[in-house]
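Quick notes on the structure that follows.
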Amino acid sequence: MMKIIHVDMDQFFAAVEQQDNPKLKGKPIAVGHDAERGVVSTANYEARRFGVHSAQSIQLAKRLCPELIIVEPHFQRYKEVSAHLHEIFHEYTDLIEPISLDEAFLDVTENKKGIELAVDIAKEIKQRIYQTTGLTASAGVSYCKFIAKIASDWRKPDGLTVIHPDRALDFISRLKVDRIWGVGPKTAEKMHHMGIFTGLDLRNTPLNQLTEEFGKMGQVFYEFSRGIDSRPVISEWERKSVSCEQTFDNNISDNSAVTIQLYHMVLNLVGRIEKNNFEGRTLTLKVKFQDFQQITRSITVDRVLRCKDDILPLAKQLIRQVEFHSHPIRLLGLCVSNHKRVNPSEPAKYTELELEFEPWPDE
């Protein structure tokens, strides 16, 4: 049976800022860009007591907590700390799957130090992180990724939770469905309408009903509710796409403004493509309007998209498919994906896709 640890740093961006600037300790802070359209990236626990949380608008956060201190993000610094964390992880195992800068799965079934119990490894890792960075981490330990991830969030901050296989079904039974991996707000609302509120309710729902309502994810929910998750920890991650997006301080709706913003986004995207040595043949445009309605438009071509001259004409083709004069744009995003080669005889294909876009930080 596998031994999996999920390590999740506590209030990571905010904690790094407080560590680098001790004057911020004990005060409510939020990391983000203090602008009309700014969004909270991370809030520390002092700010969370006022209802401030990540993905919330900066303006709302300041209304909830008038004493809130807004700190501009320092992404390069967060990457440096994250690299140090991974040096610690590698002292125990090379089977490490990063989820983000501040969290990762570790498979310690076979570990470099020959430590028998995964909980002892988790304790050592937490101690090493604190001793070398002054930051705290929470860890979840179990036999699969699904349960280890939930366990890491169970006793935050500075928590350590172990879920033994013998306790797994009882643990899942008592979970609220919105704590189950893959269940977002809309899915949770749909489950509630179906009378599913806990892991036990989910387990008692027939598979055919779950797949009818949730498609392929229905099978995943069915297995998760039974403590089944056979996904391995994947240490070699292959980048599937390169992207960027930007929310504008003011909505844009005229041709010149949209063209200028699109041009700058293409340059930013090209820089990221070069940095990651990425090859892709599909360009996706993401548009979010002032009413928060969101659409994507994509085109696939028979060549690798590398430079401005490759990407800008396609981006202009895609934006021409969007009616924005009477429907102002709040956010634009561009993404290059798709390693696959296409048949040169096939015409360019326009499709609609759902992709993860990366924010556009100052690097």
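The values are calculated or read from the model by the stated rules, or taken from the named source; none is laboratory data. Because the structure is predicted, anything quoted here is derived from the model rather than measured. Cβ atoms come from the backbone with ideal geometry, glycine included; neighbour counts cover every protein chain shown. Keep in mind that these areas ignore ligands, DNA and RNA; they rest on the heavy atoms of the full protein, side chains included. Shrake-Rupley method; radii C 1.70, N 1.55, O 1.52, S 1.80 Å.
Taking every protein chain into account, the accessible area of the chain amounts to 52 square angstrom per residue (probe 1.4 Å). The range 121-157 and the range 248-304 have Cα centres spaced 37 Å apart. In the chain, the DSSP-assigned H stretches of four residues or longer account for a calculated mean residue ellipticity at 222 nm of -11000 deg cm²/dmol, using -39500 (n - 2.57) per stretch and the full residue count as denominator. Per-residue packing, averaged as other Cβ atoms within 10 Å, sorts the ranges 206-216, 236-246, 52-62 into the order 52-62, 236-246, 206-216, beginning with the highest. Put simply, when 97-103, 139-145 are sorted by average Cβ atoms within 10 angstrom per residue, most first, you get 139-145, 97-103. The local environment of residue 93, defined by Cβ-Cβ distances under 13 Å, has a net charge of -4 under the rule Lys, Arg +1 and Asp, Glu -1.
All other residues with a Cβ under 14 Å from the Cβ of residue 211 taken together, and with Lys, Arg as +1 and Asp, Glu as -1, what is their net charge? Computed value for this residue: -1.
Please report the carbon-and-sulfur percent of the accessible area for the chain; probe 1.4 Å, protein heavy atoms only, DNA, RNA and ligands left out. Answer for the chain is 50 percent, counting heavy atoms of protein chains only. Straight-line cross-link partners of residue 308 among the aspartates and glutamates, defined as a Cα under 18 Å from its Cα and at least 8 positions apart when in the same chain: 245, 274, 279.
Seen from residue 202, the other residues with C-beta closer than 13 Å to its C-beta sum to a net charge of +2, counting Lys and Arg as +1 and Asp and Glu as -1.
About its Cα centre, what dipole magnitude does the chain give when the only charges are +1 on Lys and Arg Cβ and -1 on Asp and Glu Cβ, stated in debye to the nearest 20? Present the calculation step by step, with values, prior to reporting the outcome.
Working: 47 positive and 51 negative charges, 77 e Å.
My answer is approximately 360 debye.
The label point for residue 76 and the one for residue 50, both projected 7 Å from the Cα toward the Cβ, are 3.1 nm apart.
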